Structures are given as C-alpha cells and as structure tokens.
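J.: Let me begin by handing over the structure; questions about it come next.
The values are calculated or read from the model by the stated rules, or taken from the named source; none is laboratory data. Small disclaimer: the values here were computed from a predicted structure and weren't measured. All Cβ positions, even for glycine, are placed from backbone atoms using ideal geometry, and neighbour counts span all protein chains on display.
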Amino acid sequence: MATSTLTASAAAPRVGLSILILAIAGFIILTTEFLILGLLPALARDLNISIPLAGQLVTLFAFTVMLFGPLLTAKLAHLPRKPLFVFVLLVFVVANALAAAAPNIWVLALARFMAALFLPVFWSTASETAGQLAGPGNSGKAVAQVYMGISAAFVFGIPLGTLAADALGWRGSFWLLAGAALVIAVLIHLLLPTMPAAPKQAAGEKQTAILKQPRFLAHVLLSTLAFTAMFTAYTYLADTLERLAGIPSSQVGWWLMAFGAVGMLGNHLGGRMVDRNPLAAMVLFLLMLAAGMLASVPAATHTLWLGVALTAWGIAHTALFPICQVRVMQAGARAQALAASMNISAANAGIGLGAIFGGLGIRHFGLESLGLLATLGAAAAVVLALLMMRRPA
C-alpha cells in the first residue's frame, strides 16, 4: 500500500519543508477570506457601493463555507492529497485574479463564492496531511505548525492586505494573493510527497451521534454567538478607524497590524487557559472582548485610550479562536473530526451573521452603534456559557 510518510531520518528536512509549504498555503487561503475586511472602505469607494453592501461579501463567503464546506469536503475526501491541494490552490489563483479584475460587485461576489467553496476542503485536510507526513509521535507538532499559518492569517492577513492595498490599490492585494497561490501550487507539485487519501474510519457512521447530544449542540451555539459578537464590530474595524478615529487610510493598515500583533498574545493565553477550564476561559475573554469593543467608540478621538481599548479587544478576539476550536472538540471527543468541522461551520455562521448585524446597525443607527451592538452579542454568549457552567453534564 502507498505510504504517506518519509521514513528515513535523512528525509526529515523534506518533511519539514512540506509542512512549511502547507502552513504558507493555509496562510494564503485564510488571508483570502479575511483580507476583504481591511479593504472595505477602498473597495466600496471604487465600486460606488455602500460599506454595508460591501460587508455582505463577508457574509457570502462565510455562509458558503458553512453550507457547502462539509459536503464538498466529503465528496473530495477520496482524492490523493497532493493533486487535491494543487487543485485547491489553482482555484484560489483564479478566484483572486477574478476578484482583482472585477468590474462590479456581482463579479467580485462570484470570485468570493468560488474561493469559499474550497477553503474548507483545504482546512479540513491540511492538518491531517501534516500528521501523516510527520509520522507517529510527531503529528501533534506538525498540526500545530500548519495551524500557525492559519492563525497568522487571522492575525496578520488583514493588515498586510490593507498595507498592500495602500501601496498597490485594493485590486493589487488580490493580484498579490493570486500570484502567491500560484507559487505555492507549483511548490506543492514539486516538493510535496505523493500521498494517498485518508482511509475511511470504520465507525465513521457513528460520529453523527454527537449531533443528538444537547450539551454538544450548546457548545456549537456558543461558538456561533461568540463569532457573531466578534464580527459585528470587527468586520467594519477599518471603516471605524477611518471615520470615527480620523486615522488616514494610509495608516489604517498599521493600526490593524498592531491589533493583530497584540492578538498573538491572546492566541498564547487562550491556548494555555482552555485546557484548564474551557467555559471559564470563554467567559473571561468574552468579557474582555465586550469591554474593548464598547470602549473603542468613546475612545476613538483619544489615541492613547483607543490604543488601550484595541489592545483588550485584540487579545480577546484572537484568544477566542483556539478556545472555541478546542472547547467544541473536547465536547465532541468521540468524533473530533466532525466536531472540528461543526465548529468551523459555527464560526463562519457567526462571521456571516456579524457582518449582517453590523451592516444593519450602520444603516439604522450609524457606525457609532457597532460597539454597543457587538457587546450585546457578547453578553448573550456570556449568559449561555454561565448557564452551561451551572449544568456541567
């Protein structure tokens, strides 16, 4: 039977290089999803559309991942990993190039839809492939390395895209991503070992039993509420910095970069705390998130206090990513693959809902309302987490 790992110790450098390439691919793919958040003001101006309408491109992407991701991943699971990854990266080349050339929002929406279809295909298989490459005893470290690229996309993808947009225009950011995806597709073709599809689990049909467990479903709902609160405000953070804080568009990318940099501390703290008490960690960082989002609007005209509010917001925002993922996987320990997929769908549902609620808030109450609206969403998540803590079984 085909082997998926390089057995000789001399092959270790190649394994490390392959995992690094997968991590970079993850960074490019996840950056494609979240890049647009930093481009909304420039994109809306160029296409002559409103910010709330532009924000619905975020909703489209998130809901496409949520609705089609698990089905498409299952349909393609039988394919060997190397050509599958090359195909996914080429889809992202075409999608980002189409976005860069889009003459209107409809073509841009089509480009976003194409990318969204295949994002979860990569996300659901890359960590598994890294574990196969590294072999027994090293899979955990390999998976962590791949997810470092994904975490980096959450933290730095948006500000890097915003800075590139300032230098190259928003279309230039998409052209840059298209070129990067093409380079990684070529590297995967040249350097990644030939690997078979993952074998089917004998008891795979029993994994869906967790969907009948109210406790597990409550954990999934908690992720949806948390991400809805997070992205009600975060989707429009670039616009908030420009219009409320008066920060020049050329400097917004640097502010987002700082937001992401402090978020790396949140990623570290969240990863350490979630193993001890996942729900307590959720409550702590949801409260910090709410405080930062709520304070950001009144602090917008005071640079120092705005920095303090964004620091609290950024730490909590990034901490909640690993906390939600680990918490849901622990709750569905008997079917962790399905549990992880459910959390991805829940997170994207929240991202899409957040973009919708934030857009409605801007339309009906003004940009200044986002801090309060997002805080109310965080409060709902806190209430659910506390109720779950009172009934641990």
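J.: Report every pair of residues separated by at least 6 positions or lying on different chains whose Cβ atoms are under 7 Å apart, first residue within the range 284-303 and outside the structural domain of M273 (by TED's automatic domain parsing), second outside any helix (DSSP H, G or I) and surrounded by fewer than 24 Cβ atoms within 10 Å (Cβ to Cβ).
T.: Partner pairs satisfying both residue conditions: none exist.
J.: I would also like to ask the following. Would you mind stating whether L177 is buried (at least 21 other Cβ atoms within 10 Å of the Cβ), within 23 Å of L47 (Cβ to Cβ), out of contact with any Gly (no Cβ under 6 Å at 6 or more places or on another chain) and at pLDDT 70 or above?
T.: Yes; evaluated as a whole, the condition is true for this residue.
J.: Working only within the range 233-251, note down all residues that are assigned to a helix (DSSP H, G or I) and among the β-branched types (V, I, T).
T.: T240, the sole residue that qualifies.
J.: Also, I was wondering about something else. Would you pick out the residues in the range 361-376 that are closer than 19 Å to L53 by Cβ and either among the hydroxyl-bearing types (S, T, Y) or touching a residue at least 24 places away in the same chain (Cβ under 8 Å) (or both)?
T.: Selection gives G361, I362, R363, L367, S369, L370, L373.
J.: A further question follows. Take A144 and tell me if it is at pLDDT below 80 and within 19 Å of Y234 (Cβ to Cβ).
T.: So A144 does not fit the description; no.
J.: Oh, and also: Before we move on, is T64 in the same structural domain as I184 (by TED's automatic domain parsing), touching a residue at least 60 places away in the same chain (Cβ under 8 Å) and among the polar types (S, T, N, Q)?
T.: no
J.: Also, quick follow-up: Residue by residue through the range 266-278, note down the ones that are assigned to a helix (DSSP H, G or I) and either at pLDDT 95 or above or among the polar types (S, T, N, Q) (or both).
T.: Result: N267, single match.
J.: Right, something else. Is it true that some residue in the range 346-368 is over 18 Å from T235 (Cβ atoms) and outside the structural domain of P70 (by TED's automatic domain parsing)?
T.: No, the range 346-368 contains no residue that is over 18 Å from T235 (Cβ atoms) and outside the structural domain of P70 (by TED's automatic domain parsing).
J.: Let me ask something else about it. Which one is surrounded by the most Cβ atoms within 10 Å (Cβ to Cβ), of the residues in the range 299-340 that are out of contact with any Phe, Trp or Tyr (no Cβ under 8 Å at 6 or more places or on another chain) and outside any helix (DSSP H, G or I)?
T.: A300
J.: Check the range 23-36 and report whether any residue there is over 30 Å from P248 (Cα atoms), outside the structural domain of M257 (by TED's automatic domain parsing), surrounded by fewer than 24 Cβ atoms within 10 Å (Cβ to Cβ) and in contact (Cβ under 8 Å) with a residue 60 or more places away in the chain.
T.: Within the range 23-36, one or more residues are over 30 Å from P248 (Cα atoms), outside the structural domain of M257 (by TED's automatic domain parsing), surrounded by fewer than 24 Cβ atoms within 10 Å (Cβ to Cβ) and in contact (Cβ under 8 Å) with a residue 60 or more places away in the chain.
J.: Please go through the range 267-298 and give me each residue that is small (G, A, S), surrounded by fewer than 18 Cβ atoms within 10 Å (Cβ to Cβ) and under 23 Å from Y236 (Cβ atoms), ordered by number.
T.: Matches in the range 267-298: A291 only.
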